[in-house]
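Following: one structure in structure tokens, then a few remarks.
The values are calculated or read from the model by the stated rules, or taken from the named source; none is laboratory data. Only a predicted model underlies this, so the values are computations on that prediction, with no experimental measurement involved. Glycine also receives a Cβ, built like all others from the backbone with ideal geometry; neighbour counts cover every protein chain displayed. Ligands, DNA and RNA are excluded from the accessible area calculation, which covers all protein heavy atoms including side chains. Shrake-Rupley method; radii C 1.70, N 1.55, O 1.52, S 1.80 Å.
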Amino acid sequence: MKKTVVVINGRGGVGKDTLCAFAAERYSVQNSSAITPIKEMAEIIGWRGEKDNRARALLAGLKQLAIAYNDYPNVYLRQEYQRFQESDCQVLFVHIREKEQIAHFIATVGCPVVTLLVRRQGGQTVYGNPSDDGVEDFSYDYIYHNDKPLEEARADFLDFFARILEEAP
């Protein structure tokens with residue numbers, strides 16, 4: 001069974017999680033996010049899952065501190081990659097915002113990685129923190145324009161994603 005690692009990124013609210021759920025309807029998928037352990041830390045200090053600009057800045061700042069202290073977000077992603085390698089899953093979606101962390105992940109996992117940017121017209125474009133505001137600053141292998149109504153998006157994305165998997169090393 002071919003395993004494919006896909007770094008997925010996009011501004012908040014573009015539908016990344018929905019697209020990953022569509023893929024999981026057809027493929028065995030593991031979803032991992034660099035922000036997961038950071039969210040767990042943020043909950044300890046009172047964050048309750050808000051997705052406003054203030055909360056996004058908190059999470060981005062905590063993540064940068066954790067990277068500077070002991071590279072924990074990257075350690076966590078390598079552990080998630082190892083779990084994927086030991087599983088029956090076909091696709092690992094890795095959610096990473098920052099271009100430096102995307103490059104670091106690709107360099108350290110030691111396998112081919114496909115990068116995918118998801119875009120959607122409209123919505124917020126400035127969040128006030130470098131993690132969210134810099135998602136376009138990486139050279140992605142694929143860009144998916146998530147601009148179809150939900151009832152059409154499933155088939156459209158699954159066709160698009162099938163092509164990615166066919167082309168993936």
Checking residue 11 against (1) part of a helix (DSSP H, G or I); (2) open to solvent by 40 Å² or more (accessible area, probe 1.4 Å); (3) within 21 Å of residue 136 (Cα to Cα); (4) of a type outside the set (A, V, I, L, M), which test does it fail? (1)
Residue in the stretch 148-160 that is over 21 Å from residue 23 (Cβ atoms), acidic (Asp, Glu), out of contact with any Asp or Glu (no Cβ under 7 Å at 6 or more places or on another chain) and open to solvent by less than 80 Å² (accessible area, probe 1.4 Å) present: no
Looking at the stretch 54-169, what helices (runs of 4 or more DSSP H) fall wholly within it and have at least 2 residues that are among the aliphatic types (A, V, I, L, M), more than 19 Å from residue 33 (Cα to Cα) and modelled with pLDDT of 95 or more? 150-167
